1. Restricting attention to the stretch 155-224, which chymotrypsin sites (Phe, Trp or Tyr not before Pro) occupy a DSSP loop and are surrounded by at most 15 other Cβ atoms within 10 Å?
2. Counting other beta carbons within 10 Å of each residue's own, what order do L172, L26 fall into, fewest first?
3. Using a cut-off of 13 Å between beta-carbons, work out the net charge of the residues near E17 (Lys and Arg +1, Asp and Glu -1, E17 not included).
4. Using the basic label-point model (7 angstrom from Cα toward the beta carbon), what is the T110 to E162 distance in nanometres?
5. With only Lys, Arg, Asp and Glu charged, each at its Cβ (+1 for the first two, -1 for the last two), find how big the charge dipole of the chain is about the Cα centre; round to the nearest 20 debye.
6. What does the C-alpha gyration tensor say about the overall shape of the stretch 3-132? Classify as rounded when a/c is under 1.5, otherwise prolate if a/b is larger than b/c, or oblate.
7. At a 10 Å Cβ-Cβ cut-off, how would you order I13, I222, fewest neighbours first?
8. How many nm is it between the label spots at V183 and E36, if each spot is 7 Å from the Cα in line with the beta carbon?
Amino acid sequence: MNYHLTMKTNIRILLCEDDPNLGSLLKEYLNAKGFETSLGRDGEEGLKLFKRESFDFLILDVMMPNMDGYTLASEIRLLDKHVPILFLTAKSMKEDTLKGFKVGADDYMTKPFSMEELQVRVNAILRRTSAIPEVGDEEQLHEVGLFSYDYNRQTLNLNGVESKLTTKENELLYLLCKNRNGVLERKFALKAIWGDDNYFNGRSMDVYIAKLRKHLKDDPAIEIMNVHGRGFKLLTQ
């Protein structure tokens, strides 16, 4: 696919971190790098800020008093399905990482980390989530079984009922459609969408495949089949 990036200037970041020293350092650093950063001292304060203001990116500590990062992300996803979320965690347990992906995280970082790495991660996620197809790019409308799929608008339509896809769901479904009845190689999809085929991104992709299956369940003729050791295959009748 050919992409150009529409990245707005003055990216507004909501940072939720209960450690006052780390929170102040991160806010100061991000502001120095050209972001507009608001700091919430716990999950409840973060949710109030999100409801009151408009943000383009969220950085959420997992372990916070009053409301932890996972709960905060779940509440925010009810209000906004698309704003990118980066988790900060002192744990490196796989289960915690997977829980973060299940509530809609785009990435995670394990403490301690360098400020430079944080900036690289933020910019990478912004590039990925703000990518849109070039005007005139081929095959933007697809028939997927009984569904009409519009890649540009990130929507699925069945009998006039429209559902909105997240950015990752949209990219995955596009690649599945491009490889219809053939195998979408797992490594290729991971590098194309996540930028890296590591273990955690692989588990994240499995979560999004499950979400796509749920979106498409109203047409029993559609199947996203696991191809052992290789990837996935979209089958339609």
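Every number here is computed from the coordinates shown, using simple stated rules; none is lab data. As the structure is a computational prediction, the values presented were derived from the model and not from experiment. Every residue, glycine among them, receives a Cβ derived from its backbone with ideal geometry; neighbour counts consider all protein chains shown.
1. none
2. L26, L172
3. Surrounding charge for E17 is -4.
4. So the two model labels end up 4.3 nm from each other.
5. Result for the chain is approximately 420 debye, rounded to the nearest 20.
6. It comes out rounded by the Cα gyration axes.
7. Fewest-to-most Cβ neighbours within 10 Å comes out as I222, I13.
8. Inter-label distance under the simple model: 4.9 nm.
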